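Some notes on the structure that comes next.
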Amino acid sequence: MRGTFISVLSLLVVTFACTKGPLYLPDPEDVPSGSPIVTVIYDPGALGDMTYNDLIYEGVERAAVRYGLRTRQLSPRSQEEGMAYLSSILGELSSARDTTRHLLIVPGLSYEGYLRANNRRLEGNPRADLLLFESKDPFEGKGSTLHISLYGAMYEAGAVTPAFSDEVLVVAANPTDTGVADALAGFQAGFATNYVLPKDQKRLFLTYLSDEPGAGFTVDEATALDLMYSQPWSSSGTIVPICGGANAVFRRLSEFTTGYFQVMGIDRVIPSTSCPYAAVKHSDEAVEHCIGQWLSAEGLPKHQTLGLSDGYSEMVFCPADAGEMDQIDKLLPAQVREAIHKEALEKEAQYGK
């Protein structure tokens, strides 16, 4: 059964099911009525990004099938609608007196301030839990936090980038987002290494799509084109879009400039003639892992950071054909790739300490 989007006014009359769709309408034959419930509230407009948020959606659905859960995944159209969803669900969970277990998952940081001010409302319900993604700071009181770090994978990607291009434009969403900051720091550190070219033979340009927290994850084609062509390139360049769903725009535009721009994939591998490598964040596997922890006797830890060393992020080559892979092998022999990977693991372990 396909789900549909609903408005906040009808939220209170919608219950749960375990079927495909961005939001589920009830089907009593899907899962027993007493089964645990997982609710996900995304940032406004986040679903459909084909990367991080869509992967979380997929991971929640796999976990639902694996563990026999009921789910509801809410994709608000605005911040106000998202806050209304969140307020309603926190009220629902704080007053629930049944024996059903509930897990509320919030994948982005748009609602972090509200959650930290209201998470103690859940302390009266021992069967309700909260999981906030992409925060490094544990909750005071009830709730768990998870950070999936791209630092190590981006360090590795930065180190191999000069094999493809000696000039790079990094387009980052905003300077306050934790995940963006980690990915940017990793890429810059890797790009500065000398595995392929010395530092003075390559250039990195950096721009942010927004100065506002939570913003910069969408971009129109005109703005993207202006950014791509306004840099002082001396030759062809690589675009590194650390900007969530906006990276699809840069990837699409790069496909029309074959031989001049290529793009590095972020969060997941999406086949493209202009994207020979990617830093992948396995947010689907991470959310499935966390749901398993929640259902276990130990429960969710207060905080955990997962990354390259844990297998929840990685740098992968995705060449268009065998000839392109042969070229990669010539520029980056296996022993060089192994050395870069080892160093990336070491740098990830040191980062932030």
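Figures for the structure shown
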{"read-out": "Where trypsin sites (Lys or Arg not before Pro) fall in DSSP loop in segment 100-166, at most 15 other Cβ within 10 Å", "value": "K136"}
{"read-out": "Using θ = phi - 60° and Karplus 6.51 cos²θ - 1.76 cosθ + 1.60, couplings along segment 223-236 (whole Hz; Gly, Pro as x)", "value": "5, 4, 4, 4, 5, 5, 9, 8, 7, x, 5, 9, 7, 5"}
{"read-out": "Euclidean distance between Cα centres, segment 292-313 to segment 164-181, Å", "value": "27"}
{"read-out": "Span per principal axis, largest first, for the Cα atoms of the chain (Å)", "value": "65, 41, 37"}
{"read-out": "Selection from M228, I239, L130 lying farthest towards where the dipole of the chain points positive, charges on Cβ", "value": "L130"}
{"read-out": "For segment 158-209, with +1 on Lys and Arg beta carbons and -1 on Asp and Glu, the positive-most of F205, S165, P175 along the dipole", "value": "S165"}
{"read-out": "Of K199/K281; K136/K302; K136/K281; K281/K347, pairs whose Cα-Cα distance is over 19 Å", "value": "K199/K281"}
{"read-out": "Whole-percent pair-distance distribution, where bins are 5 Å wide, for the alpha carbons of segment 218-274", "value": "4, 20, 34, 26, 13, 3"}
{"read-out": "Dipole magnitude of the chain, debye to nearest 20 (Cβ charges: Lys/Arg +1, Asp/Glu -1, about Cα centre)", "value": "680"}
{"read-out": "Exposure proxy order (Cβ contacts within 10 Å, fewest to most) of V249, V168, V38", "value": "V249, V168, V38"}
{"read-out": "Three-way shape call for segment 45-119 based on the alpha-carbon gyration tensor, with the a/c threshold at 1.5", "value": "oblate"}
{"read-out": "Sequence of M83, M264 once ranked by neighbouring C-beta atoms within 10 Å, starting from the fewest", "value": "M83, M264"}
{"read-out": "Estimated dipole of segment 195-323 in Debye, rounded to 20 [Cβ of Lys and Arg +1, of Asp and Glu -1, Cα centre]", "value": "380"}
{"read-out": "Gyration tensor verdict on segment 206-352 (Cα atoms; rounded if a/c is under 1.5, prolate if a/b is larger than b/c, oblate otherwise)", "value": "oblate"}
{"read-out": "Per DSSP, loop chymotrypsin sites (Phe, Trp or Tyr not before Pro) in segment 209-259 with at most 11 further Cβ within 10 Å", "value": "F256"}
{"read-out": "Per-residue Cβ neighbour rank within 10 angstrom, fewest leading, E298, E58", "value": "E298, E58"}
{"read-out": "Helix 79-95 axis, angle to the chain major axis (alpha carbon atoms, nearest 10°)", "value": "40"}
{"read-out": "Cut-off under 5 Å, modelled amide H: who pairs with G265 long-range", "value": "Y277, A278, A279"}
{"read-out": "Amide H contacts of L74 (H built 1.01 Å from N, under 5 Å, at least 5 apart or other chain)", "value": "V40, I41, Y42"}
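All of the numbers you see were taken from the coordinates with simple rules; none came from a lab. Keep in mind it's a predicted model, so treat the numbers as computed, not measured. All Cβ positions, glycine included, derive from the backbone under ideal geometry; neighbour counts span all protein chains shown.
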